[in-house]
Amino acid sequence: MNSKTTICNLALAYLGQAPISSLQQNNEPARWLQLFYEPVRDEVLRTHNWAFATAEKPLVCVQTPVATGGDYLYQYPADALFIRRVYVAGAENLAFTERFDPTLNQRVLCAAQPHAVACYTRRITDETQFDPAFVKCFALALAGDCALALTGDIELAAQLQQKYTLYLEEARRANMSERVTFVPQKDAFSEVR
C-alpha cells in the first residue's frame, strides 16, 4: 500500500540513501523530502491527464454575463490542479480563460455558455489512490529534486531527471490506453474503470 513514507523511501533508494521511518524524523533526508513532497506531487499530477486523477463536474456559476458584460464566471473547482477542458453537454469544447477576480476575491473560469462542465486533473492527497506508474514517476521526480540537497551530486540529479523523463513518457502511453468513464452521484462524478 502506498504511503508518503513508502514513496519517500523509494526516492531515497534512487539516491542510494538509507530509508526513513517517518517524515517527522529530525534528520536531513526527512526535512528535504517534507519540503519537496507536495510541490513535486502536484507538478507530476499536472504533467499528464492521469486516469486516476481525472475529475469531471458541473461548474458553479458565480456571475452571469449581465453582471460581467460578457462571460459567465464559474468558481474554480477547489480540488483542481489543471483544467483540461470546459464544455457544455452535447456541445463541443468551450474556449475558456482562468483568472483571479478581485471583486469576488477568488479564482474563476470564464466561458461564454451557461451550464458549463469542467474536466480536470484533481489534487490527490490520498496516496492509496495513486496509480503504480504515477508512484514511480513521482518518486523519480522527488529524488531528482532532492538529489543536490542530499548528495551534492549534480550528475546524479541529471541522471534522475533523465530517467524520470523517459519513464514519464512510458507511463503516459500506458495510462492513455485506460478508459475512464464518470457516473453522476449527486453533484459529483466518480470513476468507473
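Readers should treat all values here as calculations from the given coordinates under stated rules, not as data from a laboratory. Computed from a predicted structure; not experimentally measured. Every residue, glycine as well, gets a Cβ built from its backbone with ideal geometry; the counts of neighbours run over all protein chains shown.
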- Message: Can you give me the C-alpha center-to-center distance between the range 1-16 and the range 46-102, rounded to a whole angstrom?
- Response: 35 Å
- Message: If N is the number of residues in the chain, what value comes out of its Cα radius of gyration divided by 2.2 N^0.38 Å?
- Response: 1.21
- Item | Helix-only CD estimate at 222 nm, as mean residue ellipticity for the chain, using -39500 (n - 2.57) per DSSP H run (n ≥ 4) | -13000 deg cm²/dmol
- Query: In whole Hz, what ³J(HN,Hα) sequence does the range 95-112 give by Karplus (6.51, -1.76, 1.60; θ = phi - 60°), x for Gly and Pro?
  - Reply: 6, 8, 10, 10, 6, 9, 9, x, 5, 8, 6, 7, 6, 9, 10, 10, 8, 7
- The computed P(r) of the range 53-122 puts the percent of Cα pairs beyond 15 Å at 47 percent
- Task: Which order do the peptides 138-151, 41-54, 112-125, 81-94 take when ranked by the mean count of other beta-carbon atoms within 10 Å per residue, highest first?
- Result: 138-151, 41-54, 112-125, 81-94
